[in-house]
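Here's the structure we're looking at; comments come further down.
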């Protein structure tokens, strides 16, 4: 089938999904005996005036003649055409000196864009307005917001990460989340989300992708990442699929070293490249190339894919016929800087075929090195000009030819709208995965002469889940913090073994999922003993792979996976435990021989 046909079918498929997703998605309501009345979702797209409503509209815009682009380009110096390809990192929580440094880069070097990291909405909005005012050409602004802007800033919505989304059986909810993200990006004056992650995570020991992937099944990853991508791009935000050609099967974090992927084209074609092909056919605006070494594709020593012409130009540009924007992963990461100096690395990235250099170590060094490469013939001025026009065309599609400052009035309220909370609730409730329920242990109810202990593992005070459970059940609360003493563990053990049933909730060390939970062997041994000896209901609010930290977890009477400790997930779990919610999720990854991909009651 022709790729254009696939694109239109994908687009129509997701709109049909959205219309039929049950009630509450667009103007419908459906009574649920286990849920409160739903809030009607009213999408608020702010689409660019020139966007044609079909999936490849953005790709078309990037590669056609444009009078605004030509008029801006003619007024640019040769240096400015190079720096238009650069995006630098910026923080709204590092004070006036940091902001002054960024403003100097904008005024002196005329850089093309910014990538915001930690900070707060109002501070970032005000900072954006000041930095935009300092720029000759409107800046395009990105954020690495795989789970929404709340992943980077306070006082904003944080949606679930991909592993949780991978458990959901309704992709229209993921489309809806993408649309919410787009609204929040636009409200914050941002334009490019470095998401979705389309890596297929088939390595349980992966330290950098893991819960950031939708799962281990290439078709699930394709459909769910497509839903998120369309939700964003249908509403005027550029989505960026990452990390090409696939970062899912490695046990090294490219932030700290260069991972090596030993596979060749047969394996990549059958697995890793599958989601990228799917999104390319459906018009994804950006693709980010990872800092991973694939010696069977390019044998140059220690060369990351991001600097490899056979991979970026040969495979992505020529073989896959991708004509959208190609971004490097962050140029400050050790996967690049360990082996290549600032300046030379950026020249190699452009030689390889990337359009945009992201998070540079040094703008001045990169600019000088690129100019020297043009003079020597390593780089073509014609190619630089073509990529510069492509970036300007993206800015046109984003509406930056009619730039308006961000209005800070009601910003907090707009970023925490009721329809966003409703989306989050639906995602949380749809993801809960019940892996075991022996002898119909749950739903739980109060029974005479039965005592229930509610143990929070990894917590020091009452958790959101425990507080919600106390609204429904009579329980006694206990805590197993990290780094407990032997004496405290023994005292806790004796108290818990006196109860008839244990309700054990497990938490990682932070709001983000973890890879190990951070519990000591002795603390894990205590949990294993409790699961073996007592009737127990276990709820994991963390990365599903961390079930491997408990060798006896398969002996639990009931086991529920919530994937993250977001309050919405904890609230949903409490409802499910007492029978006010039906489990719907399926495990998106294989954890071990007991808990495999697709499991879920």
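Coordinate-derived values only; no laboratory data. Quick caveat, the model's predicted, so the values are computed rather than measured. Here the Cβ is made from the backbone with ideal geometry for all residues, glycine too, and neighbour counts use every protein chain on show.
Residue 383 label point, 7 Å along Cα→Cβ, cut-off 16 Å on backbone N: hits in region 339-374? Answer for this model: 344-357, 369-374. Normalised by residue count, region 244-370 yields a Cα convex hull volume of 89 Å³ per residue. In this label model, residue 450 and residue 408 are separated by 5.6 nm, measuring between points 7 Å along each Cα→Cβ vector.
Here the calculated FRET efficiency for residue 362 and residue 520, from their Cβ-Cβ distance with R0 = 35 Å, stands at 0.25, rounded to the nearest 0.05. If each Cα of the chain is one equal point scatterer, what is log10 of I(q)/I(0) from the Debye formula at q = 0.08, 0.09, 0.11, 0.12 Å⁻¹? The calculated log intensity ratios at q = 0.08, 0.09, 0.11, 0.12 Å⁻¹ are -0.57, -0.72, -1.03, -1.20. The share of Cα pairs per 10 Å bin across region 312-407, counted from zero up to the longest distance, runs 15, 41, 33, 10, 1 percent. Inter-label distance, residue 318 to residue 332: 3.5 nm, where each label sits 7 Å from its Cα along the C-beta direction.
Taking a point 7 Å from the Cα of residue 265 along the Cα-to-Cβ direction, the residues of region 296-326 with backbone N closer than 18 Å to it are 296-300, 305, 308-322.
Between helix 418-431 and the chain there is an angle of about 60 degrees, using the helix long axis and the longest principal axis of the Cα atoms.
Note on residue 130 and residue 108: the extension gain reaches 6.4 nm, defined as 0.36 nm multiplied by sequence separation minus the Cα-Cα distance. In terms of its Cα atoms, region 110-163 spans 41, 21, 12 Å along the principal axes, sorted from long to short.
From most to least packed by mean Cβ count within 10 Å, the peptides 361-374, 486-499, 288-301, 184-197 give 184-197, 288-301, 361-374, 486-499.
Helix 521-533 and the longest principal axis of the C-alpha atoms of the chain enclose an angle of approximately 50°. Calculate how steeply helix 121-133 sits against the longest principal axis of the alpha-carbon atoms of the chain, using the helix alpha-carbon long axis, and give the answer as 0 to 90 degrees to the nearest 10. Computed tilt is about 0 degrees.
Give me the tail of P(r) for region 432-577 as a percent: Cα-Cα pairs with distance above 20 Å.
Details: 4283 of 10585 pairs.
In whole percent, the long-distance tail amounts to 40.
By the Stokes-Einstein formula, at 1.306 mPa s and 10 °C, region 368-469 with its Kirkwood radius over alpha-carbon pairs has D equal to 74 µm²/s. In this label model, residue 551 and residue 299 are separated by 4.4 nm, measuring between points 7 Å along each Cα→Cβ vector.
Here region 399-458 yields Rg over Rh of 1.30, to two decimals, using C-alpha coordinates and the Kirkwood radius.
How big is the Kirkwood radius of region 59-178, worked out from every pair of different alpha carbons and given in Å to one decimal? Show your work: numbers first, answer last.
On the way: mean 1/r = 0.0605 Å⁻¹.
Result for region 59-178, one decimal place: 16.5 Å.
Starting from the alpha-carbon convex hull of region 140-197, give the projected area averaged over all orientations, in nm².
3.8 nm²
Among beta bridges identified by DSSP and lying wholly in the chain, the antiparallel ones come to about 10 percent.
Quick one: order 397, 140, 68 by neighbouring beta-carbon count within 10 Å, fewest to most. Mind dumping the intermediate values first?
Details: 397 25, 140 22, 68 15.
Listed from fewest to most nearby Cβ atoms, that is 68, 140, 397.
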